[in-house]
1. Do you know which of the residues in the range 42-53 that are touching a residue at least 12 places away in the same chain (Cβ under 8 Å) and open to solvent by 60 Å² or more (accessible area, probe 1.4 Å) is farthest from THR200 (Cα to Cα)?
2. Name the single residue that is modelled with the highest pLDDT among those in the range 56-84 being small (Gly, Ala, Ser), open to solvent by 30 Å² or more (accessible area, probe 1.4 Å) and within 13 Å of SER124 (Cα to Cα).
3. Is at least one residue of the range 293-309 small (Gly, Ala, Ser) and in a loop (DSSP other than H, G, I, E, B)?
4. Please identify the pairs in which a residue from the range 85-113 that is open to solvent by 10 Å² or more (accessible area, probe 1.4 Å) and at pLDDT below 70 has its Cβ atom under 9 Å from the Cβ atom of a residue that is among the hydroxyl-bearing types (Ser, Thr, Tyr) and part of a loop (DSSP other than H, G, I, E, B), counting only partners at least 6 apart or on another chain.
5. For the range 242-260, enumerate the residues that are open to solvent by 40 Å² or more (accessible area, probe 1.4 Å) and over 17 Å from LEU176 (Cα atoms).
6. Evaluate the following for GLY191: is it in contact with a helix residue (DSSP H, G or I) (Cβ under 8 Å, 6 or more places away or on another chain) and either touching a residue at least 60 places away in the same chain (Cβ under 8 Å) or in a helix (DSSP H, G or I) (or both)?
7. Go through the range 141-171 and give me each residue that's open to solvent by less than 10 Å² (accessible area, probe 1.4 Å) and either of a type in the set (Gly, Ala, Ser) or under 17 Å from LEU107 (Cβ atoms) (or both).
Amino acid sequence: MLDTLTEIPVLSLDAQAGDPEGFAQAFGQSFQRFGFAVVRDHGVPPELIERAWRLTKAFFDLPEEEKRAHFIPGGGGARGYTPFKTEIAKGASHVDLKEFWHIGRELAPGHRFADVMASNIWPSQPEGFRETFLELFAALDTAGDKLLSAVARYLGLAPDWFDTAVKDGNSVLRLLHYPPVAADAPEVRAGAHEDINLITLLLGAEEAGLELLDRDGKWLAVKPPEGAMVINVGDMLQRLTNHVLPSTTHRVVNPPAERRGHSRYSMPFFLHPAPDFLIKTLPGCISADAPNRYPEPITAHDYLHERLVEIGLIKK
């Protein structure tokens, strides 16, 4: 198996300030080639990340009944707790071996998206959970805006093109726990899939397992250097760019036998546009050689609903 770091360059977000065009080209080229990029110096404080890891582990260590008290049947997993073995990758035969918690954007009372973006749910423990994850959500949101500005430049758009698209966007911070697995468990903790959103920002997990499917059909291990972040293209951005930027298939495989007794935690931030954003193919991504694959536009809200049905979080 190949090592990601020999294939995907590690970029510094600090470089964007001094050379925005150069950073945009490097970041966009990594996206176009792999559907993934690795970025350090992303601006999320290490102390905040460490605190978030500690609270994530503390929450998932709570008794099952205490966690399930925050599960909303019929809520599509939008906020709060989703129990073990609930989600399944599109077309997969095994449910994913994970449980997770979702945190979304805090909206002011009476906000125009209040009917389609659920309110957050907060557990009474561990202490500091709400404050920490609202702070982390905001930090990842800021980093995501900077990365989308680079995407816009790479696509020949104004650097602020995505600003209105993601203002009040339905982004989600997911706290993930993959419990220890048995020797005869299915070979993947999370089945091969693509993300739904525009881009995903992933803080590195202690336990390895993330792999992307390269264009040659080989699985490529993704293990960023300490402190770096993995960013990948989601299906909404793939659709918007007519597949110029590919939403690459990825999965989380089970660890080797000697690590199967260990949990795996990760914290992906799924950056979504606002629910009413119209996903309409960018004219600059359409040509005689690349006709428009998606002549019918769709709102981000309708697209998200379709996909949540496919992965089993919303029942028809």
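1. Step one: list which residues in the range 42-53 are touching a residue at least 12 places away in the same chain (Cβ under 8 Å), which gives 42-46, 48-49, 51-53.
If we keep only those that are open to solvent by 60 Å² or more (accessible area, probe 1.4 Å) as well, we get 43, 46.
On the way: GLY43: 16, PRO46: 19 Å.
Applying the filter and picking the extreme gives PRO46.
2. ALA58
3. Taking the range 293-309 as the starting set, the residues that turn out to be small (Gly, Ala, Ser) are 300.
Okay, now just the ones that are also in a loop (DSSP other than H, G, I, E, B), so none.
For the range 293-309, residues small (Gly, Ala, Ser) and in a loop (DSSP other than H, G, I, E, B): absent.
4. VAL95/THR86
5. HIS243, VAL244, PRO256, ALA257, GLU258, ARG259
6. Working: in contact with a helix residue (DSSP H, G or I) (Cβ under 8 Å, 6 or more places away or on another chain): no; either touching a residue at least 60 places away in the same chain (Cβ under 8 Å) or in a helix (DSSP H, G or I) (or both): yes.
Against the criterion (in contact with a helix residue (DSSP H, G or I) (Cβ under 8 Å, 6 or more places away or on another chain) and either touching a residue at least 60 places away in the same chain (Cβ under 8 Å) or in a helix (DSSP H, G or I) (or both)), GLY191 does not qualify.
7. From the range 141-171, those open to solvent by less than 10 Å² (accessible area, probe 1.4 Å) are 143-144, 147-148, 150-152, 162, 165, 169, 171; that's our starting set.
Once the filter is applied, which keeps residues that are open to solvent by less than 10 Å² (accessible area, probe 1.4 Å) and either of a type in the set (Gly, Ala, Ser) or under 17 Å from LEU107 (Cβ atoms) (or both), the range 141-171 yields ALA143, GLY144, ALA150, ALA152, ALA165, GLY169, SER171.
Here is a yes/no grid of residues against (1) polar (S, T, N, Q); (2) on the phi < 0 side of the Ramachandran plot:
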{"residue": "ALA139", "(1), (2)": "no, yes"}
{"residue": "TRP161", "(1), (2)": "no, yes"}
{"residue": "ASP168", "(1), (2)": "no, no"}
{"residue": "ALA192", "(1), (2)": "no, yes"}
{"residue": "ASN197", "(1), (2)": "yes, yes"}
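The values are calculated or read from the model by the stated rules, or taken from the named source; none is laboratory data. Because the structure is predicted, anything quoted here is derived from the model rather than measured. Counting neighbours? That spans all protein chains shown, and the Cβs are built from the backbone with ideal geometry, glycine included. These area figures cover heavy atoms from the full protein model, side chains too; ligands, DNA and RNA do not enter into them. Shrake-Rupley method; radii C 1.70, N 1.55, O 1.52, S 1.80 Å.
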